[in-house]
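Once you've had a glance at the structure underneath, I'll fire off some questions.
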Amino acid sequence: MRYSGLKVITEGLFGNRGWTPAWRDPAPKAEYDVIIIGGGGHGLSTAYYLAKNHGITNVAVLEKGYLGGGNVGRNTTIVRANYFLPGNSEFYSHSLKLWEGLEAELNYNVMHSQRGLINLFHSDGQRDAFVRRGNAMINQGDDAILLDRDGVREHLPYLDFDNTRFPIYGGLLHPRGGTARHDAVAWGYARGADRRGVDLIQNCEVTGIDIQGGKVVGVQTTRGAIRARRVGIVVAGRSSQVAAMAGMRLPIESHVLQAFVTEGLKPVINHVVSFGMGHFYISQSDKGGLVFGGDLDFYASYAARGNLPMVEHVMEAGMTLMPMIGRAKVLRSWGGIMDMTPDGSPIIDRTHVEGLFIDCGWNYGGFKAVPASGWCMAHLMATGEPHEVARKFRLDRFATGHLLDEEGTGSQHNLH
Amino acid sequence: MRVDGKGLIDRTKPVRFRFDGRDYAGYKGDTLASALLANDVRLVGRSFKYHRPRGVLTAGSEEPNALVEVVGPSNKTPNVRATVQEVFEGLVTQSQNRLGSLRFDLLAVNDYLSPFLSAGFYYKTFMWPRAFWEGLYEPLIRRAAGLGSLSGRHDEGVYEKAFAFCDVLVIGSGPAGLMAALTAGRAGADVILCEESHALGGRLLSDGGTIGGLPAGDWVAQVVAELEALPNVRIMARTTVTGAYDHGTYGALERVGLHKPARPNLPRECFWRIVAKHAVLASGALERPVAFENNDRPGIMMASAVRTYLNRYGVVPGRRVTLFANTDQARGVARDLMAAGVTVAAIVDPRPDASSVEDCPVHVGAEVIGSRGRLGLSGIQVRKGSEIIEIETDCLAMSGGWNPTLHLTCHMNGRPRWSEELAAFVPMEGAVPGLVAVGAANGSFSTHGALVTGHAAALKAVEALGRKVSVAVPEAEDMPYRIKALWAVEGTGRAWLDFANDVTTKDVKLAAQEGFRSVEHMKRYTTQGMAPDQGKNSNVAALAVLADATGRGIPETGTTTFRPPYVPVSIAAMGAGGRAEGFAPQRFLTSDQASRDRGAPMIEAGLWYRPSYFPKPGETTWREACDREVMMVRQAVGVTDVSTLGKIDIQGRDAGRFLDFVYTNTFSTLPVGRVRYGLMLREDGHVLDDGTSARLGEDHYLMTTTTAAAGLVMRHLDFVHQAFCADWQVRFISVTEAWAQFAVAGPKARELVQSFLETPVELPFMGEAPVRIGGVDGRLFRISFSGEEGYEIAVPTRYGEALFRDLVARAETMGGGPYGMEALNVLRIEKGFITHAEIHGRVTAHDIGMEKMVSAKKDCIGKAAATRPGMWGPEREQLVGLKANAPISAGAHLFVPGTEVHRETDQGYVTSVCWSPTVGAWLGLAFLKDGRARHGEKIRLVDHLRGLDVICEVTNPVFHDPEGEKLRA
Amino acid sequence: MRLTCPLCGERDRREFYYYGAEDYLHRPGEGASLAEWDSYLHLRDNVAGVVRDLWYHEAGCAQWLVVTRNTVTHEISGVELVAERAK
């Protein structure tokens, strides 16, 4: 069923009785060409592009819970391409280009809103680091504009410019940065994959990976064994557990990242704004809630919930930066489980098992990567070769020292 | 309408308040909602999506409809629950989320468009043309969405945060909470009793009845009086416990000043972090609405709210009230109304076996199927079998039964358990360690049940604390709870589940029809439960409708998760203290005032403030001052405060051995009285920090770190010591704040320094000696970060300011003076010294040309990992100098002249630049691929952001005195 | 979140710095292979359940601690001093 404004009107006139399920609810078959473990954003986009770009449609996506129930449904929805290290730059640039055509591609309104992202800086040193970043973005073909203090004031007049612990020196504006409706991305890819024949199987937990003679032959699940010669692990948040089924130990530690949303408010913040001296970033959803977040709680956790110290730090940062939000009330807080790697960059690679591939380690940058991650993982699984823009996301780069450490904080998982 | 003789309001204290420009009268003790209802104001808001007229639904913080803006003298507060806000003299409020007036809201047109605005409609449209999303559709949606509005002005209100500790935290002061607090209090335990409302007693204030032979209100007063008299009990009214966190930590929001006219220094709110050994959750239960067509009109209210307004506030929300309820308990509402002289038009009870004996018409086995009245209820339709009965009524009190207020038990991922008997979810035991749910919060809905379970939980906590107590539980009603679940009445029209987000039963069914069958999918697709009340009023009913639509039972359908906070908490309250300078500690140098006295702009350096430059009369730009200060150091003498550098005092027989382990180079061989530059790596082989360490004695070193890494290095040393060599004889402590240290640099530095010493000391380059200065023991180091002959003088902190003032004054007599961070930066770039602009965490010793400083003779932290193939070699970017005749910039990237400028051709980047008055050129430090082999090459520097495109010469990073003759002079 | 420091008693989480899994205590000896270093620095069991991880009482006694903790429930079942353990 094709979605359109006209369809919404005609269905509305006839009691909305004609809408059909966005995806089927198939029982798992005994065998597929490809199994994707994980029905989150990355797994669904991998399945979609396997079908769309490579014509591989005999694919099952196995999801333990419900589609899009992981981090794609619990993030601060920011979409940007503002990395500066080669390896990251081209990947996120590619992802942003995919985002820009996603509504048309999926026939689903993911509400990608390029409202502009402003990273604030508060010292000469920070400014120079952001200039390096901005120049790298332009060298990559993306966009960046350096704002001085007055330039920031023009865009964000509500910031506290006068009475603050860390004065605002300026900001790096990434005009194509913005937000999207997170659930819609998962649903759009799910619907697109389903329409191309992919079986999306929910409530189907993988309990084992079957390997014979160094080759993957299938998986064990709570809904029975399923055979496949190619299996992709795309389960950020549970990567270590699933990889362990194939005898792997990953360079990942899992951490909780909290995020917050306020009650609905009339439009007041029209950009994505990121503070440079504390961990705080904020945007306003189309429904009116201020959506914001901070840093990890910093201790390893699978609890998907956090504690007050980071909650308070985030609020304090908000109050020093933009005290006009003081009377907005936090409605809900939640936590996502982050695959933290020792350099803060992800992994899309083969494994030591033939036919077994892994896409993991998204730290807390996974949402914006959903399109390109699926694109590149599908390429890798279909061709056996890494995609050009993801070739540095190697599993062995920590052993070889070819790191992609944007933060420069080194081999401590929680510092990225 | 106000009823005589009822309510706990203080009728001797009338207050005037304003709503939407009109003045009204209320009494002290009223909420805004009760006062508006007393004035017969039923229409108080507009719904989120369809802009339907809405009135007060509840009498508590769960209110989904009656959200207003409170307008204060300096700012306004959106989304305030009229049911919680107490009235006070001069309170100004206004309705929100309307275009035009509340009565004639232009956006009410959305209600007519509702067939096209069904669940998830926006995912299916607004896609074409692409450019219209940001330009047209999204702005329209954003403007229509949202509820209240922020003013956009800084919130200058006062907010506080505090910690509290107790043995037993009691959450809620209804019968269960009071009984628990009394039991624990009498046992001598430290008790904190939190009550969301301004008055203690919970539902006893609304429902009446008797306890231990006393009218419930009297019993409450008696218990509260005893608790107030107990020194070990702290009563916190107007305090909502908002979250349960790990290890007995709870968040709580106290409304300190929101019920009073604003005045300076009166906190609006205080956010509490309460640490409790035990907690008793006595939060009661929330009554649930029933979904029927047009069940959202002003005048349709929760039955318990009607009772609360009557008994607690002396207000009846209508002249002819109808009750629609499916429990025996709810009948009390009708009886109380009739006893107060209010007409009860009818009781509609869907239970076929319910009693029909009341002093008003009772329709048993009947359901309300519709309502009328544009801006307020005027009548309802009731279906009884095949019969349709029209009833004139202006207030419908509805009750679909009760849901235990178990939210806190879910905050640590606990899933509630479905009780068929109660047709409700009840808390899972042990879901929050240390917290026990009692009374209605645990499904014990009778007063007797509340008292007994409250007492038992407190007794258990008291025993665990090693205390004993004997408290008798008083007699109270113990009516059985008999319910036939009724979630939604059958019908074809729109029946609201989530009033706040305008989610109807149709939306939930549509979600199921479109495959969003998981409860999380349904929630996200319809936005059910995502509004300000977070589904407190509607989640369970929505889930029941979904279960029905998908042919599953409620337990299999599952629930969504309640997450903190229980009630919305202002960012200002949880962020209290963060405003302005409060965000981070401020560290001031001993020379701070002296620097400010000289007009130096102070800039942030981490947590420190350091002088940027010291302007002289006639200088109009920082560059003029900076250039002068640089030349002053190069030609005479300059003084600058370097106390921000980390200083770690290291002692013990194995101190040298320890330094050998943490530095790449060797310190155990350093002679006493000498200083050595050291490079420290992270264990992953990248540079952690650099600095000098002096050997003060055989077993005594003083390490300096960079300002930025002082804390990091201390932590690192503690780890290395405790994890890998705890048995070594070495101990260390940070002495950063114990010493004030000043750099004195320039050709006349020696002369200036010597003039301060009681006994002259001749130090070689990289020498150290104890000295006496003005009768004070100090230390003198001959080290330089400028390339000139340089010294650093350290004295105990308390002498810092005096020494700085004297040093500067005497320097000025020699043609010298103070210099700031700008000049310091130029001096170090000219000399090729690195800072954290260069050692930014991705850099190896090899990259900065210091691989020879990694001793081959010993192990050290980071040595092994630095040998990984990706960590060294010509494909990496190496530190070089850049020299140009035009301005250059840090953050620019480098390209081979004549090549295209893009990522693939990128050769490196610039980390630091300056105009060098010494060299007479623009200088830079940069990282360039295979840079050390490229000295002398021309390179193109491109900074798109600043519009620079300059050809530079690649050089050795040391521009000034490359042989170091000046240093060693 | 509260931790009980063996020296200082029960304290708020704000006083502590978290490093990572106790793997960091098992530093490879001289001459270890790069694979051993990779394992030491990067690879983690990362279990959803009981782990032993490293915390530093930075705003207290400056002791490094091995905390036995459940990463799913956050329950803490033991705290010991790194320095005592190494002896």
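Would you check which residues across region C:55-79 are more than 10 Å from chain A (Cβ to nearest Cβ) and outside any loop (DSSP other than H, G, I, E, B) and list them?
Residues satisfying the conditions are C:56, C:64, C:65, C:66, C:68, C:76, C:77, C:78, C:79.
Would you confirm whether any residue within region A:48-67 is within 10 Å of chain B (Cβ to nearest Cβ), in contact with a helix residue (DSSP H, G or I) (Cβ under 6 Å, 6 or more places away or on another chain) and surrounded by 15 or more Cβ atoms within 10 Å (Cβ to Cβ)?
Yes, region A:48-67 contains at least one residue that is within 10 Å of chain B (Cβ to nearest Cβ), in contact with a helix residue (DSSP H, G or I) (Cβ under 6 Å, 6 or more places away or on another chain) and surrounded by 15 or more Cβ atoms within 10 Å (Cβ to Cβ).
Now for a separate question. Quick check on region A:135-153. Is at least one of its residues among the small types (Gly, Ala, Ser) and surrounded by fewer than 19 Cβ atoms within 10 Å (Cβ to Cβ)?
Among the residues of region A:135-153, at least one is among the small types (Gly, Ala, Ser) and surrounded by fewer than 19 Cβ atoms within 10 Å (Cβ to Cβ), which makes the answer yes.
Another question, if that's okay. Out of region B:949-969, which residues are part of a strand (DSSP E or B) and buried (at least 17 other Cβ atoms within 10 Å of the Cβ)?
Across region B:949-969, the qualifying residues are B:950, B:952, B:954, B:955.
Same structure again: Name the single residue that is surrounded by the fewest Cβ atoms within 10 Å (Cβ to Cβ) among those in region A:73-112 being polar (S, T, N, Q) and under 18 Å from residue A:347 (Cα atoms).
A:93
Look at residue B:476 and say whether it is modelled with pLDDT of 95 or more, surrounded by fewer than 19 Cβ atoms within 10 Å (Cβ to Cβ) and out of contact with any Lys or Arg (no Cβ under 7 Å at 6 or more places or on another chain).
no
Still on this model: Of everything in region A:264-275, what is over 18 Å from residue A:122 (Cβ atoms) and crowded, with 24+ Cβ neighbours inside 10 Å? Give them in sequence order.
A:264, A:265
While we're looking at this one, here's another question. Taking only pairs six or more apart or across chains, which ones have beta-carbon atoms under 8 Å, a first residue in region B:880-907 that is within 12 Å of another protein chain (Cβ to nearest Cβ), and a second residue that is part of a helix (DSSP H, G or I) and small (Gly, Ala, Ser)?
B:891/A:129; B:891/A:134; B:893/A:136; B:903/A:89; B:903/A:136; B:906/A:136
Listed here are the residues, each with its yes/no results for (1) of a type outside the set (Ser, Thr, Tyr); (2) touching a residue at least 60 places away in the same chain (Cβ under 8 Å); (3) within 9 Å of chain A (Cβ to nearest Cβ).
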site	(1), (2), (3)
C:14	yes, no, yes
C:27	yes, no, no
C:45	yes, no, yes
C:48	yes, no, yes
C:81	yes, yes, no
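Sticking with this structure for a sec: Could you name every one of the helices (runs of 4 or more DSSP H) located completely within region B:461-559 that has at least 3 residues being within 14 Å of chain A (Cβ to nearest Cβ)? Spell out how you get there, then give the answer.
On the way: elements: B:505-513, B:519-526, B:539-549, B:554-557.
Per the criteria, B:505-513, B:519-526, B:539-549.
Quick one: residue B:431 ticks every box in (1) closer than 30 Å to residue B:313 by Cβ; (2) surrounded by 20 or more Cβ atoms within 10 Å (Cβ to Cβ); (3) not aromatic (Phe, Trp, Tyr) bar one, so which box is it?
Going through the list (1) closer than 30 Å to residue B:313 by Cβ; (2) surrounded by 20 or more Cβ atoms within 10 Å (Cβ to Cβ); (3) not aromatic (Phe, Trp, Tyr), residue B:431 breaks only (1).
Also: Which condition breaks for residue B:501 when tested against (1) surrounded by fewer than 24 Cβ atoms within 10 Å (Cβ to Cβ); (2) touching a helix residue (DSSP H, G or I) at 6+ places or on another chain (Cβ under 9 Å)?
Unmet for residue B:501, out of (1) surrounded by fewer than 24 Cβ atoms within 10 Å (Cβ to Cβ); (2) touching a helix residue (DSSP H, G or I) at 6+ places or on another chain (Cβ under 9 Å): (1).
Pull up region B:675-724, narrow it to residues that are acidic (Asp, Glu) and over 40 Å from the mean Cα position of the chain (by Cα), then point me to the one that is nearest to residue B:767 (Cα to Cα).
Among those that are acidic (Asp, Glu) and over 40 Å from the mean Cα position of the chain (by Cα), it is B:698.
Being in contact (Cβ under 8 Å) with a residue 60 or more places away in the chain, among the small types (Gly, Ala, Ser) and closer than 23 Å to residue B:842 by Cβ is the filter here; which residues of region B:909-960 pass it?
Residues satisfying the conditions are B:912, B:924.
Okay, moving on. Taking the condition of being of a type outside the set (Gly, Ala, Ser), farther than 17 Å from residue A:357 by Cα and outside any helix (DSSP H, G or I), how many residues in region A:14-57 meet it?
Just the residues of region A:14-57 that are of a type outside the set (Gly, Ala, Ser), to begin with: A:14, A:16-17, A:19-21, A:23-26, A:28-29, A:31-37, A:42, A:44, A:46, A:48-50, A:52-54, A:56-57.
Pick out the ones that are also farther than 17 Å from residue A:357 by Cα and you get A:14, A:16-17, A:19-21, A:23-26, A:28-29, A:31, A:52-53, A:57.
Next, from what is left, pick out any that are outside any helix (DSSP H, G or I): A:14, A:16-17, A:19-21, A:23-26, A:28-29, A:31, A:57.
So the answer is 14.
Let's see how each residue does on (1) crowded, with 24+ Cβ neighbours inside 10 Å; (2) in contact (Cβ under 8 Å) with a residue 40 or more places away in the chain; (3) farther than 25 Å from residue B:274 by Cβ; (4) at the interface with chain B (Cβ under 10 Å from one of its Cβ atoms):
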{"residue": "A:252", "(1), (2), (3), (4)": "yes, yes, yes, no"}
{"residue": "A:259", "(1), (2), (3), (4)": "no, yes, no, no"}
{"residue": "A:262", "(1), (2), (3), (4)": "yes, yes, no, yes"}
{"residue": "A:303", "(1), (2), (3), (4)": "no, yes, no, yes"}
{"residue": "A:312", "(1), (2), (3), (4)": "no, no, no, yes"}
{"residue": "A:342", "(1), (2), (3), (4)": "yes, yes, yes, yes"}
{"residue": "A:351", "(1), (2), (3), (4)": "no, yes, yes, no"}
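Collect the residues in region B:629-642 that are assigned to a loop (DSSP other than H, G, I, E, B) and surrounded by fewer than 24 Cβ atoms within 10 Å (Cβ to Cβ), keeping them in residue-number order.
If the condition is that a residue be assigned to a loop (DSSP other than H, G, I, E, B) and surrounded by fewer than 24 Cβ atoms within 10 Å (Cβ to Cβ), then B:636, B:642 are the ones that fit.
Could you check, for region B:121-130, whether at least one of its residues is surrounded by 18 or more Cβ atoms within 10 Å (Cβ to Cβ), touching a strand residue (DSSP E or B) at 6+ places or on another chain (Cβ under 9 Å) and part of a helix (DSSP H, G or I)?
Looking through region B:121-130, none of the residues is surrounded by 18 or more Cβ atoms within 10 Å (Cβ to Cβ), touching a strand residue (DSSP E or B) at 6+ places or on another chain (Cβ under 9 Å) and part of a helix (DSSP H, G or I).
Right, next: Of all the residues that make up region A:132-155, how many are more than 22 Å from the chain's Cα centre (by Cα) and within 11 Å of chain B (Cβ to nearest Cβ)? Walk me through it before giving the result.
Filtering region A:132-155 for residues more than 22 Å from the chain's Cα centre (by Cα) gives A:132, A:135, A:138-139, A:145-155.
Within this subset, residues satisfying the condition of being within 11 Å of chain B (Cβ to nearest Cβ) are A:132, A:135, A:138-139, A:145-148.
Here the count works out to 8.
Does residue B:267 count as away from every other protein chain (no Cβ under 14 Å), surrounded by fewer than 24 Cβ atoms within 10 Å (Cβ to Cβ) and either modelled with pLDDT of 95 or more or over 30 Å from residue B:92 (Cβ atoms) (or both)? Can you show your working first?
Details: away from every other protein chain (no Cβ under 14 Å): no; surrounded by fewer than 24 Cβ atoms within 10 Å (Cβ to Cβ): yes; either modelled with pLDDT of 95 or more or over 30 Å from residue B:92 (Cβ atoms) (or both): yes.
In short, no.
Considering only residues that are more than 14 Å from chain A (Cβ to nearest Cβ) and among the β-branched types (Val, Ile, Thr), look in region B:668-698 and name the one that is nearest to residue B:838 (Cα to Cα).
The extreme case among them is B:692.
Residues that are among the polar types (S, T, N, Q): list the strands (runs of 3 or more DSSP E) wholly contained in region B:817-932 that include at least 2 such residues.
Here the list reads B:908-916.
Check residue A:70 against each of (1) modelled with pLDDT of 95 or more; (2) more than 7 Å from chain B (Cβ to nearest Cβ); (3) under 18 Å from the mean Cα position of the chain (by Cα); (4) buried (at least 21 other Cβ atoms within 10 Å of the Cβ) and name the one condition it does not meet.
Unmet for residue A:70, out of (1) modelled with pLDDT of 95 or more; (2) more than 7 Å from chain B (Cβ to nearest Cβ); (3) under 18 Å from the mean Cα position of the chain (by Cα); (4) buried (at least 21 other Cβ atoms within 10 Å of the Cβ): (1).
How about region B:135-225: which helices (runs of 4 or more DSSP H) wholly inside it have at least 1 residues that are closer than 24 Å to residue B:336 by Cα and in contact (Cβ under 8 Å) with a residue 40 or more places away in the chain?
By residue number, B:175-186, B:204-207.
List the residue pairs whose Cβ atoms are under 9 Å apart, where the first residue sits in region A:228-241 and is within 12 Å of another protein chain (Cβ to nearest Cβ), the second is outside any helix (DSSP H, G or I) and among the polar types (S, T, N, Q), and the two are 6 or more positions apart or on different chains.
Pairs that qualify, where the first residue is within 12 Å of another protein chain (Cβ to nearest Cβ) and the partner is outside any helix (DSSP H, G or I) and among the polar types (S, T, N, Q), are A:237/A:254; A:238/A:254; A:239/A:254; A:239/C:46; A:240/A:254; A:240/C:46; A:241/C:46.
Which members of region C:13-23 meet the condition of being in a strand (DSSP E or B) and touching a Lys or Arg at 6+ places or on another chain (Cβ under 6 Å)?
C:21
Follow-up question, since we're still on this one. Can you name the number of the only condition in (1) within 25 Å of residue B:405 (Cβ to Cβ); (2) more than 7 Å from chain A (Cβ to nearest Cβ) that residue B:137 fails?
Answer for residue B:137: the failing condition is (1).
Taking region B:602-619 as the search range and keeping residues that are within 23 Å of residue B:632 (Cα to Cα) and touching a residue at least 60 places away in the same chain (Cβ under 8 Å), which one is farthest from the chain's Cα centre (by Cα)?
So the residue we want is B:614.
The values are calculated or read from the model by the stated rules, or taken from the named source; none is laboratory data. What you see is a predicted model, and the numbers here were worked out from it, not measured in a lab. Note: ideal-geometry Cβ built from the backbone for every residue, glycine included; neighbour counts use all protein chains shown.
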